[in-house]
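Peer 1: Questions regarding the structure given below will be posed in turn.
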Amino acid sequence: MRTSVSLAVLAAVSGATAFWRMECHGRLGIARIDPLISPGEVAQHAHSIHGSSGFSESATYQNLIDADCTSCAVTQDKSVYWHPSLYFQHANGTYESVEQVGGMLAYYFLYGDDGSKDSSITAFPSDFRMIAGNSLRRSYSIAGYSAFDADPEKSFWSKLGQTSQTDLAQRALGFNCLNYNKQPEGSLYRHVMPEKSYLDANCADGVRFEIMFPSCWNGKDLDTKDHKSHVAYPDLVMNGVCPQGFDVKLPGLFYETIWATNAFNNVDGQFVIANGDVHGFGYHADFMNGWNPDFLQKAVDTCTDGSGKIQDCPIFDIQSLEDQQKCSLKVPKALVSEKVVGLVGNSLPGDVAIQYGPDSATVKNPALPTTTQELPTVGYSEGAQATGTAYQPGQIFKESPSSAAVPSPSVSLSKVAALAQATPPAPTEAPVAPAAVDDSKYEVVRTDYITVGDVVSMIIVKEAVEYVTVTTTTVTATGSAKARREVHMHRHAGRHGHNGRHLS
Ligand SMILES: *[C@@H]1O[C@H](CO)[C@@H](O)[C@H](O)[C@H]1NC(C)=O
């Protein structure tokens, strides 16, 4: 029996799903404060801020841990979690804040480095800080793929050359269309904010913004000038193999924030993130550690329950919802009179102008928007339950179309074929057709080519409601051909357990 690469990856995921979800039901406030990007100054754009009330434009670790409250549930966590807030621009030009539903969640995933024998997780050191995402990004660029294509199955990412840090950072963003009457979409499934008309038609319960932080650390810098270079993504964004030089595995932070975009259903206008981004490519988030590292290490080592519930971690002291919501920010003088909630006027807080892209945004706000970018809309698609897991962010992960009902656009063949450096040589014999599976139940949804060295692999992805069949035909440059078939039985909506079998 042949070992399947994709199955090995899935197994690794399901074998290491220890995590907890830090609930932050309170919000310290919305303000143009960002001690990482704009220390000691008013920041460019408004952020929604959660965590320790010691936060300020010049906050230090000491300030955070000395503070008397946190807007998150666990009192030992004096970290601060922040991200740009969301606004709606009415047709008449007036901006209005969008309501944030239920605060935010910060997941702590405890995935080891799959490339290392050492599967340990190291707690964030005292003064540790980092940023995920890029506020100036206004486009999506992963070779052969657009933000509207479903991601290829994770096991193909490296073969497709899609594991650069820039690629992974773009796949670390998710805009989840919420409709509680449907099966939920997968986390990090859609890497672009849907258009207003799409939201009106499909996302009856709003949109969940998702962002995964890098979790591989260089082991020495607590921060770097760009607040990113000291950390890196593992090659599957959430988990996988850490790049060389980033051998220390940190807890994997993943923020989820729900915005009530549905409150503007059938109202003319557009949604704009506080940094002047309408597509979400420039969505980003910041983290400043406020845990005692010894305590966090103990939590990381002992709170390895798969439930994700902070209540299942006995060392956490959990405060009431009311106490979380009581904790707020001391707004600096310069910002006291700035309107950031409700109808805020004819510009975003800080006079941030919309920059549509696809060119990178500039930090200085241009007087007028630059070129506009017409973008299609990715379709709604229910997520596939990750294998063997009780609970995941948004309940669910999604990595490739897994249902016969997957709407177009799916990955286009031309895009993937364009990736191939060489034209696939014709095989000298027809690929061996695997016999043991009843093909009538499947339909081909796409064909991908992957070129690695002189080997061109053709991957035919077939899908049915309950099963996903991946047939890989490998053609070497010398012309010999062999076929491999893997049958993945994915479970949908948690109705079936994962199973895998391989026919060679
Ligand atoms: C713009 O439209 C919104 C929504 O209808 C309204 O609340 C607001 O007062 C209007 N602003 C101006 C300046 O007319």
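Peer 1: What order, most packed first, do the peptides 237-248, 259-270 have when packing is the mean number of other Cβ atoms within 10 Å of each residue?
Peer 2: Highest to lowest by the protection proxy: 237-248, 259-270.
Peer 1: Note the full-extension length gain between K225 and S58 as 0.36 nm times their separation in residues minus their Cα-Cα distance, in nm to one decimal.
Peer 2: Once the chain is fully extended between K225 and S58, it gains 58.6 nm.
Peer 1: Using a 10 Å cut-off on Cβ atoms, rank the peptides 325-336, 18-29, 45-56, 284-295 from the highest mean neighbour count down. List each step's numbers first, then the result.
Peer 2: Numbers: 325-336: 15.0, 18-29: 23.0, 45-56: 26.5, 284-295: 21.3.
Top of the packing list down: 45-56, 18-29, 284-295, 325-336.
Peer 1: Between L343 and T75, 0.36 nm times their residue separation minus their Cα-Cα distance comes to what?
Peer 2: Extra length available between L343 and T75 comes to 93.1 nm.
Peer 1: Along the Cα→Cβ direction, 7 angstrom out, place labels at S307 and K182. What is the inter-label distance in nm?
Peer 2: Rounded to a tenth, the inter-label distance reads 3.2 nm.
Peer 1: Multiplying the sequence separation of V241 and D294 by 0.36 nm and subtracting their Cα-Cα distance, what value in nm do you get? Provide the component values of the computation, followed by the final result.
Peer 2: Values: separation 53, 0.36 × 53 = 19.08 nm, distance 2.56 nm.
Here the answer is 16.5 nm.
Peer 1: Could the peptides 210-219, 108-117 be put in order, highest first, of the mean number of other beta-carbon atoms found within 10 Å of their residues?
Peer 2: 210-219, 108-117
Peer 1: Between A263 and V42, what's the calculated FRET efficiency when r is the beta-carbon distance and R0 is 22 Å? Round to 0.05.
Peer 2: After rounding, the FRET efficiency stands at 0.15.
Peer 1: Which of K154/K196; K333/K364; K154/K182; K330/K364; K78/K298 have a Cα-Cα distance over 19 Å?
Peer 2: Long pairs (Cα-Cα over 19 Å): K154/K196; K333/K364; K154/K182; K330/K364.
Peer 1: Could you compute the net charge surrounding A67? Neighbours are other residues with a C-beta less than 12 Å from the C-beta of A67; K and R count +1, D and E count -1.
Peer 2: -1
Peer 1: Using 7 Å Cα-to-Cβ label points, what is the V363/D323 separation (nm, one decimal)?
Peer 2: 4.0 nm
Peer 1: Amide H of R190 versus every other amide H placed in the peptide plane: which residues, excluding those fewer than 5 positions away on the same chain, fall under 5 Å?
Peer 2: So R190 has HN proximity to F175.
Peer 1: Shifting gears a bit: Any idea how far apart V336 and Q270 come out in nm if each label point goes 7 Å out from Cα toward Cβ?
Peer 2: 3.7 nm
Peer 1: Could I ask something else about it? I need the trypsin sites (Lys or Arg not before Pro) found in region 176-272, filtered to DSSP loop residues with at most 12 other beta carbons within 10 Å of theirs.
Peer 2: K220, K225
Values in this text are rule-based calculations from the coordinates and carry no lab data. Values in this document were obtained by computation on a predicted structure and should not be read as measured data. With ideal geometry, Cβ positions are generated from the backbone for all residues, glycine too; neighbour counts draw on all protein chains shown.
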